[in-house]
Amino acid sequence: QDNVRAALHWAIEHQEGELAQRMAGALQAFWLTRGYWSEGRRWLEESLALDSGSALAPVVRAKTLYGAGALTRFQGDFARARMLCEQSLEIYRSLADQTGRLKALVQLCRITAFQDDQTAMKIFLAEAASLIETLPDSVVKAYAYIDMVISMVGTSINQLSPEAARYLDESERIHRALNNPSGVAFVVLHQANRALWEGDYSLSASRFDEAERLIIELGDDHLHT
C-alpha cells in the first residue's frame, strides 16, 4: 500500500492526470472492500481535480467519477455522490458504454433512495431495469441486480415483490456461475433477509451463517459491518 500511495502522490504532484485517475479508479473496489473510504475518496477527488485537457480518455474519467461517487455515498454525502455519478452516467451514455451506464444508474438508484427522491429513483430504476436484461451475464450485472432490489425495497417494506425476488435469484445464479465469492456473500446476505421477511426463520439462519462464513473468509470489512 505504501508503494501505491507513493505512486499516486507522484502522479498528482507531477500533474499526471490520466495516470492518477487510472490508478485511483482501479483501486476503488479495494478501498471500498477494505474500509479505506476516506483515503480512497481523497485520492479519487484529488485525481479528478487535475486538469489533463482533451488528452484524458473519457472512459477513464467516467470510471474515476463513478468510484468517487460510490465511496462518497458510503460516507453519507449524498448530494456530492449524486453529482459525481450523474457526471459519470453522462460520459458513459456518450460512449455507449452500457456496462458503465448500468453501474452509474444503480448507484444513482441507491443515492436517490437515501435522499428520499422517489421520482428520480424510479426514473433511474426503470432505465436500469430495461437495460440490465439486454446485457450478458457479468459480475457488474449480478451486483446491479442486488442494488436495484435494495432501492426497490427501502427500509419500511417487510417483503419483496416477485420482481425483486427474481433479481436476487438471478444475482445469486450469476455470482455462483462466475465463482465470485464476494458477490455470493453479498447476495446470500440479502437472500437471508428475504427468508426472514417471508417468515422462513430456519432458512434465514442458515443463509446468515453461510454469509458470515464467506465474509470472514474474505476479510470483507464492507460486508462485515
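The values are calculated or read from the model by the stated rules, or taken from the named source; none is laboratory data. Owing to the predicted nature of the structure, the values given are computational and were not obtained by experimental measurement. For neighbour counting, all protein chains shown are included, and Cβ atoms are generated from backbone atoms with ideal geometry for every residue, glycine included. Just so you know, the surface numbers come from the protein's heavy atoms only, side chains and all, with ligands and any DNA or RNA stripped out. Shrake-Rupley method; radii C 1.70, N 1.55, O 1.52, S 1.80 Å.
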Sum of -39500 (n - 2.57) over DSSP H runs of 4+, divided by residues of the chain (222 nm, nearest 500): -26000 deg cm²/dmol
From the coordinates shown, percent of Cα pairs over 29 Å apart corresponds to which of (1) 39; (2) 49; (3) 28: (3)
Which of V153, L135, N193, positive extreme of dipole for the chain (C-beta unit charges): L135
Per residue solvent-accessible surface (Å²) - the stretch 63-133, probe of 1.4 Å: 40
Solvent exposure of the stretch 169-221 as accessible area per residue, Å², 1.4 Å probe: 51
With every protein chain in place, the chain: carbon and sulfur % of accessible area (1.4 Å): 53
Helix 181-197 vs. the chain, principal-axis angle (Cα, 0 to 90°, nearest 10): 40
